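Structure, as structure tokens:
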Amino acid sequence: KIRDISVELGPALEPIEVPAGPLRIVVRKDGYRDVVDDGFTVRAGEEKNYEVPDLVPIEGVLKLPCSVVGAKVTVWNKFDEIILDGEPVPSSGVLLVNLVVGTHRGEVAHEDYHKEKIDVIEIVEGKESGPDRIRLRAIPAQLTVTAPPGSSFWTEQEGEAATKRRIPGGERTLTIRTLKPGRYRIWLDGAEEKALTLTLKARDDRQVELGR
């Protein structure tokens, strides 16, 4: 007769006392298919090891749209084990990756943006699921522009429309404190052919002079 014994294994694998004879070993873990083994027998007084085979995950697809290409996605399961370690968001802006089913938590990070935590990620077998579009908030850069008093100038981030700004009358500088990280062109009004090019990173504090 096969005897069933239920034991929860912790991180420390202590010996388990079992009756002599044939045993059914069933290995269960959340998010994985059960392993059932009816071919294990222990004789009276014998100490015998059982090697748990590789578990087969039950998977669904994490679908995570994100506003920042290259942002890295990390996911932890309910045991605080990392099941996705810094997977970058591809050029499509949507990360699609197989994950074990269950309720997880996550984080989206990029060096130029504030981290975004995801409290609940529910992965369902055979389906695409995940959070709504993640919109990361840029960590701004600061730029101080020196130019003739009262003059106007333009700033243009790559891929965005140019913005016109003006040096206050009687002043020679204007500090812009909330620029997104990226590549910029800056020029005095009417002198775009003399535009300066620079790349701003998060937390930068840069200075440029126009009209020299």
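With +1 on each Lys and Arg Cβ and -1 on each Asp and Glu Cβ, how big is the dipole of the range 134-212 about its Cα centre, in debye rounded to the nearest 20? All intermediate terms of the calculation are to be shown ahead of the outcome.
Values: 15 positive and 10 negative charges, 69 e Å.
My answer is approximately 340 debye.
To the nearest 20 debye, what charge dipole does the range 14-126 have about its Cα centre, counting +1 at the Cβ of each Lys and Arg and -1 at the Cβ of each Asp and Glu?
Details: 12 positive and 22 negative charges, 51 e Å.
It comes to approximately 240 debye.
Report relative contact order for the chain in percent, whole number only (criteria: Cα-Cα under 8 Å, sequence separation at least 6).
On the way: 465 pairs, mean separation 30.9, N = 212.
That works out to 15 percent.
Using Cα-Cα distances under 8 Å and only pairs 6 or more residues apart, what relative contact order does the range 93-198 have, in percent?
Details: 180 pairs, mean separation 21.6, N = 106.
Answer for the range 93-198 is 20 percent.
Pop a pseudo-label 7 angstrom from the Cα along the beta-carbon direction at both residue 173 and residue 115 and give the gap in nm to one decimal.
Spacing of the two 7 Å Cα→Cβ label points: 3.4 nm.
May I ask you to give the solvent-accessible area per residue for the chain, in square angstrom, as obtained with a 1.4 angstrom probe? Before the final figure, lay out the partial values.
On the way: 13900 Å² over 212 residues.
Value for the chain: 66 Å² per residue.
Quick check for me: using +1 on Lys/Arg Cβ and -1 on Asp/Glu Cβ, what's the dipole size of the range 98-166 about its Cα centre, in debye to the nearest 20?
440
With r as the distance between the Cβ atoms of residue 139 and residue 208 and R0 = 22 Å, compute the FRET efficiency 1/(1 + (r/R0)^6) and round to 0.05. List each step's numbers first, then the result.
Values: r = 20 Å, r/R0 = 0.92.
Efficiency for this residue pair is about 0.60.
Just the number, please: carbon plus sulfur as a percent of the accessible area of the range 59-111, 1.4 Å probe, no ligands or DNA/RNA counted. Write out the running numbers ahead of the final one.
On the way: 1230 of 2510 Å².
Percent of accessible area from carbon and sulfur atoms in the range 59-111: 49.
Most fluctuating residue of 176, 58, 118 in a GNM of the chain with Cα springs under 10 Å: which is it?
176
How long are the three semi-axes of the equivalent ellipsoid of the chain, in whole Å, if each is the root of 5 times an eigenvalue of the C-alpha gyration tensor, listed from largest down? Display every interim value, and only then the final one.
Values: eigenvalues 789, 48, 26 Å².
One finds semi-axes of 63, 16, 11 Å for the chain.
Which pairs in the list 78/180; 48/127; 115/194; 72/180; 78/127; 48/78 are over 30 Å apart, alpha-carbon to alpha-carbon? Don't skip to the end; give the middle numbers.
Numbers: 78/180 35 Å; 48/127 41 Å; 115/194 37 Å; 72/180 19 Å; 78/127 20 Å; 48/78 32 Å.
Too far apart for the 30 Å limit: 78/180; 48/127; 115/194; 48/78.
Whole number please: convex hull volume per residue, Cα atoms of the range 91-211, in Å³.
Working: hull volume 14.4 nm³, N = 121.
Cα-based convex hull of the range 91-211, divided per residue, equals 119 Å³.
Could you compute the FRET efficiency for residue 17 and residue 127, with r as their C-beta to C-beta distance and R0 at 41 Å, rounded to 0.05?
Values: r = 43 Å, r/R0 = 1.04.
Calculated value: 0.45.
Less than 13 Å from a label point 7 Å out along the Cα-to-Cβ axis of residue 197: which backbone N atoms in the range 138-159 qualify, by residue?
158-159
How many percent of the accessible area of the range 131-212 is carbon or sulfur, using a 1.4 Å probe? The partial results should precede the final answer.
Working: 2120 of 5130 Å².
For the range 131-212, the apolar C and S fraction of the accessible surface comes to 41 percent.
For residue 177, what is the net charge nearby, where nearby means another residue's Cβ is under 14 Å from its Cβ and Lys, Arg count +1, Asp, Glu -1?
On the way: positive: 165, 180, 203, 206; negative: 204, 205.
Local charge sum for residue 177: +2.
Suppose R0 equals 41 Å; then what is the FRET efficiency for residue 42 and residue 85 from their Cβ-Cβ distance, rounded to the nearest 0.05? All intermediate terms of the calculation are to be shown ahead of the outcome.
Working: r = 39 Å, r/R0 = 0.95.
After rounding, the FRET efficiency stands at 0.55.
The values are calculated or read from the model by the stated rules, or taken from the named source; none is laboratory data. Keep in mind the model is a prediction, meaning the values are calculated, not measured. Cβ sites come from the backbone with ideal geometry, for glycine too, and all protein chains shown count toward neighbours. Remember, those area values only see protein heavy atoms, side chains included, never the ligands or the DNA or RNA. Shrake-Rupley method; radii C 1.70, N 1.55, O 1.52, S 1.80 Å.
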